[in-house]
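Here is the structure we will look at.
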Amino acid sequence: MSIPTKYLASNVESKWYNYWMEHNYFHSTPDEREPYTIVIPPPNVTGVLHMGHMLNNTIQDVLIRRARLQGKNACWVPGTDHASIATEAKVVAKLKSQGIDKNDLSREEFLKHAWDWTHEYGGVILEQLKKLGCSCDWDRTKFTMDDDMSEAVIKVFVDLYNKGLIYRGYRMVNWDPEAKTTLSDEEVEYVEKQGKLYHINYKIEGEDTTLTIATTRPETLLGDTAICINPNDERHASLRGKKAIVPICNRVVPIIEDEYVDIEFGTGCLKVTPAHDENDKVLGDKHNLEVVDIFNDDATLNHYGLHYEGKDRFEVRKAIAKELEASGALIKVEDHTNRVGISERTKAIIEPRLSDQWFLKMEDLVKPAIKAVLEDEDVKLFPKRFNNTYRHWMENIRDWNISRQLLWGQQIPAYYYGEGKDDFVVAETKEDAFELAKTKISDISNEADKSLKIEDLRQDSDALDTWFSSWLWPMSVFDGIRNPENEEIKYYYPTNDLVTGPDILFFWVARMIIAGYEYKGEKPFNNVYLTGLVRDKQRRKMSKSLGNSPDALKLIDDYGADGVRVGLLLSSAAGNDLMFDEALCNQGKGFATKIWSAFYLTTLWDVEDIAQPQSSKVALEWYRSKFQSVLAEIEDHYSKYRLSDALMSIYKLIYDDFCGWLLEMVKPAYQQPIDKTTYESILQIFEDNLKIVHPFMPFLTEEIWQQMTPRTPEEALIIASYPDLNAFDTQIISDFEMVKDVVSGIRTIRKDKNIPFKDTLELKVLNNEGLDSKYDAVISKMGNVSEMTSVDATVEGALTFRVKSNEYFIPMEGNIDVEAEILKLTEELKYTEGFLKSVQGKLSNERFVNNAPEQVVASERKKEADALAKIETLKSSLASLK
């Protein structure tokens, strides 16, 4: 079979991916080998491949392919997350485009649309990951809404409820008016926004006086139920025991006293709106204030908004300011920067809202997870600096609001049988709930309620937070919740490495650790590698609006999957983030071309059973030690999750040492054969090279591996044996750096003196370093040296260069035209002396030295020093020629 001269990724990638799939190399089942397990951070089922996914999954694939080569039972579990808010929003938008209102559908009808949408569009991202070369065990693909996964979630909810850790509470929650659901504290981002501070006068009941409050949200005054002052604030002593009249709605409210009010801040009078501010709610509970909720679930005003009913909160803010101004109640408006909470998903401004929700008590659950990371280091975070972030979240944790006002997701397994606050039971099935309800009624009334029928039970309409399913992921993918003693969970759990982003360190990583200790009594993974954001080369976050986020699949088409993988990992670090430059994908593609060209070169050699040259023997001895040295370096980088550094070490080894030096040292002269010993050694070395490159560039390496010699499926590179780490000779590595410098010195003289490589040179050595003579054969071959001899003193009339304390001489006789060289050097000397004179003229000018910028003067002084050094060298060279 003829081997193409150029590597074309498009011709091989699908071929080898299909081959790997056909032979089931990605699939894992428990056996006697050591397991190596990774669970994928499940991307949203709505998602498409972006640069963050590309980086994250390239890293996971590097780790899993390396483990496979190391003989471990490598298992990478893929899957997707049902992403309640994002998916429901997409389904609602699709229905809207068809003229269907979500509110006109029953739960079952809506869920049918959601499942149809998921089956049509979901999982696209997993197919895209195959293009990148990801070697997931696709037979194990999971979806967080699969029946068995949902069953595990419901089982955990019931268990935690029965342990007294889940409760229903009327609390102030974060309300997303766009998604129309609550959010946990962790799903709220805080941003600085430019707003206004409105100073408003409230009349005192029965008096012709006023008090002034300052607020950023004048629309909420329609929900005010008190004014609060500090009892120690003498400025407002006259207000004690009185009542104020809320403008517009004319509600009469008490003036209460509480030390919560900061005397130093603002006017010292605080409007209290218990329905729309968490701190106000605390004050309201303490002082038994009325709660007036003025908003609908979409943040339009309800009937308490009076003539503003049905209008959006921000529209009302402007209108109410005008009305207050017209009535004389608005006395001042100032610009004000405010810290505003926004929904992580929809970016809508969050509305604090009182609501009945389900919560999970976290105070005790979190303790083993704090100990595991911060004390015992059973779970290690890389980079370690994220321990501080983890500590901050975990030590300031609040109860987790786990209910969402959504239809898409696991429905909360609480069943209501009456109208009372506590008339509900929690059970895994409706049948179990019916039995529990009958028992509960009987316990309360001491007699069975025979009128209760199973059809009377109403299941809670809320769905569980998506994170409440994904926090079980490392266990539930192996059915470890439903069947805690099954063979797979015992074999694969705890998993080895988790690769994810620091933005979900608390949302997901910390919660998985909490769940792991609660349900398995141990950690879910050993190590967490937190990748950074992929930024552009200007350090900007990639986004559609900036137009700086490349099409991931187009990159693969343009540079090949291997080129893109290398480009991503070669991207320079900016803190923990990566600065991506498409040129690096081209560099990755170029690396693939370099390796292919090296392979192609070996196919052109004629092999004969002849004596091995000394130069080849020494070169191979050096490369074997160099390979082991770099292998040790690579393993150290892997142990610290410095994958970019590992790749760079491999890149330099193959590009510079293997292609640039070893192949040059062993390749036969033009139209001459190569000896069999060297050829077989080169192929063996090439195979080892391919093994260490394979995790990063799987397609190219498998193609070359299979082209080198006929292989059976059992001999494929993907399941070959990783090179062993052995002792190596540090002296030969050190010596060879000197050999390279000597060869470079010869090449420089050839270039400077226009001596063609085909012309042989003599080389005389003043060997003060005691470099072993075994390297002479390499130097002679690489420099085309006809004779290499040692001397005891300087050789006159020769071109010379130094390497460390060794001095090397190339006699000029027969190598260069002396007269022409003298003329050339004389002209160069004359020009340099003229240049020096002009520079020194500037530096002798005091006005220039005193007034020119410091860096300009420094530059001129450097020019002077360089010119003086060059003149000295030129004079020395001329002296040796005369």
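The values are calculated or read from the model by the stated rules, or taken from the named source; none is laboratory data. Note that the coordinates shown come from a computational prediction; the quantities given were computed from them, not determined experimentally. Neighbour counts run over all protein chains shown; Cβ positions are idealised from the backbone, glycine included. Ligands, DNA and RNA are stripped out before the accessible areas are found, and what is left, the full protein with its side chains, is counted by its heavy atoms. Shrake-Rupley method; radii C 1.70, N 1.55, O 1.52, S 1.80 Å.
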Assess whether Ile634 counts as being touching a Pro at 6+ places or on another chain (Cβ under 9 Å) and within 22 Å of Gly590 (Cβ to Cβ).
no
Limited to the stretch 280-308, what total is found for residues that are surrounded by 14 or more Cβ atoms within 10 Å (Cβ to Cβ), touching a Leu at 6+ places or on another chain (Cβ under 9 Å) and in a helix (DSSP H, G or I)?
6
Of all the residues that make up the stretch 370-398, how many are closer than 30 Å to Asp462 by Cβ, touching a residue at least 60 places away in the same chain (Cβ under 8 Å) and open to solvent by 20 Å² or more (accessible area, probe 1.4 Å)?
2
Selection status of Leu160, within 17 Å of Ser403 (Cβ to Cβ) and not β-branched (Val, Ile, Thr)
yes
How many residues, within the stretch 346-369, are open to solvent by 30 Å² or more (accessible area, probe 1.4 Å) and assigned to a helix (DSSP H, G or I)?
2
Set Ile263, Ile255, Ile227: member being open to solvent by 10 Å² or more (accessible area, probe 1.4 Å) and either under 23 Å from Glu309 (Cβ atoms) or more than 47 Å from the chain's Cα centre (by Cα) (or both)
Ile255
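Any residue in the stretch 81-89 that is of a type in the set (D, E, K, R), under 30 Å from Tyr19 (Cβ atoms), surrounded by 20 or more Cβ atoms within 10 Å (Cβ to Cβ) and out of contact with any strand residue (DSSP E or B) (no Cβ under 7 Å at 6 or more places or on another chain)?
Scanning the stretch 81-89, I find no residue that is of a type in the set (D, E, K, R), under 30 Å from Tyr19 (Cβ atoms), surrounded by 20 or more Cβ atoms within 10 Å (Cβ to Cβ) and out of contact with any strand residue (DSSP E or B) (no Cβ under 7 Å at 6 or more places or on another chain), so the answer is no.
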If a residue has to be under 44 Å from the mean Cα position of the chain (by Cα), in a loop (DSSP other than H, G, I, E, B) and surrounded by 11 or more Cβ atoms within 10 Å (Cβ to Cβ) to count, how many in the stretch 721-773 make the cut?
6
Some residue of the stretch 266-277 being acidic (Asp, Glu) and in a strand (DSSP E or B):
no
Set Val534, Val528, Val477: member being of a type in the set (Val, Ile, Thr) and open to solvent by less than 10 Å² (accessible area, probe 1.4 Å)
Val528
Test Ile692 against the stated conditions and say whether it is of a type in the set (Val, Ile, Thr), surrounded by 17 or more Cβ atoms within 10 Å (Cβ to Cβ) and within 27 Å of the chain's Cα centre (by Cα).
yes
Could you please let me know if Ala592 is in contact with a His (Cβ under 6 Å, 6 or more places away or on another chain) and more than 19 Å from Tyr775 (Cα to Cα)?
no
What residue, of Phe809, Phe835, is at pLDDT 90 or above and in contact with a Lys or Arg (Cβ under 6 Å, 6 or more places away or on another chain)?
Phe809
Which residue is farthest from the chain's Cα centre (by Cα), if the candidates are limited to the stretch 324-345 and must be under 23 Å from Leu301 (Cα atoms) and open to solvent by less than 60 Å² (accessible area, probe 1.4 Å)?
Ala329
Positions within the stretch 494-520 being outside any strand (DSSP E or B), at pLDDT 95 or above and open to solvent by 10 Å² or more (accessible area, probe 1.4 Å), in sequence order
Pro494, Tyr517, Glu518, Tyr519, Lys520
Sole residue being under 22 Å from the mean Cα position of the chain (by Cα), surrounded by fewer than 19 Cβ atoms within 10 Å (Cβ to Cβ) and in contact (Cβ under 8 Å) with a residue 24 or more places away in the chain, chosen from Glu608, Glu582
Glu582
Looking only at residues in the stretch 31-57 that are more than 23 Å from Asp146 (Cα to Cα) and in contact with a Phe, Trp or Tyr (Cβ under 8 Å, 6 or more places away or on another chain), which one is least open to solvent (accessible area, probe 1.4 Å)?
Met51
Subset of the stretch 798-820, residues of a type in the set (Gly, Ala, Ser) and open to solvent by 30 Å² or more (accessible area, probe 1.4 Å), comes to Ser805, Gly814, Ala820
Scanning the stretch 551-576 for residues that are open to solvent by 30 Å² or more (accessible area, probe 1.4 Å) and either modelled with pLDDT under 85 or acidic (Asp, Glu) (or both) gives Asp551, Asp557, Asp558, Ser572, Ala573, Gly575, Asn576
Which one is nearest to the chain's Cα centre (by Cα) among residues in the stretch 85-127 that are among the polar types (S, T, N, Q) and in a helix (DSSP H, G or I)?
Thr87
So, in the stretch 809-837, how many residues would count as being in contact (Cβ under 8 Å) with a residue 40 or more places away in the chain and in a helix (DSSP H, G or I)?
8
Does Leu63 satisfy the condition of being within 24 Å of Glu715 (Cα to Cα), more than 27 Å from the chain's Cα centre (by Cα) and either modelled with pLDDT under 95 or not β-branched (Val, Ile, Thr) (or both)?
no
I need the full set of residues from the stretch 131-183 which are in a strand (DSSP E or B), open to solvent by less than 10 Å² (accessible area, probe 1.4 Å) and touching a helix residue (DSSP H, G or I) at 6+ places or on another chain (Cβ under 7 Å), in order please.
Ile166, Thr181
Within the stretch 184-223, can you find the residues that are small (Gly, Ala, Ser), open to solvent by 20 Å² or more (accessible area, probe 1.4 Å) and at negative phi?
Gly195, Ala214
Would you check which residues across the stretch 780-797 are surrounded by 15 or more Cβ atoms within 10 Å (Cβ to Cβ) and at pLDDT 90 or above and list them?
Ser780, Lys781, Met782, Gly783, Asn784, Val785, Met788
Matching residues in the stretch 1-14 - criterion: being without any contact (Cβ under 8 Å) to a residue 40 or more places away in the chain, under 30 Å from the mean Cα position of the chain (by Cα) and open to solvent by 80 Å² or more (accessible area, probe 1.4 Å):
Leu8
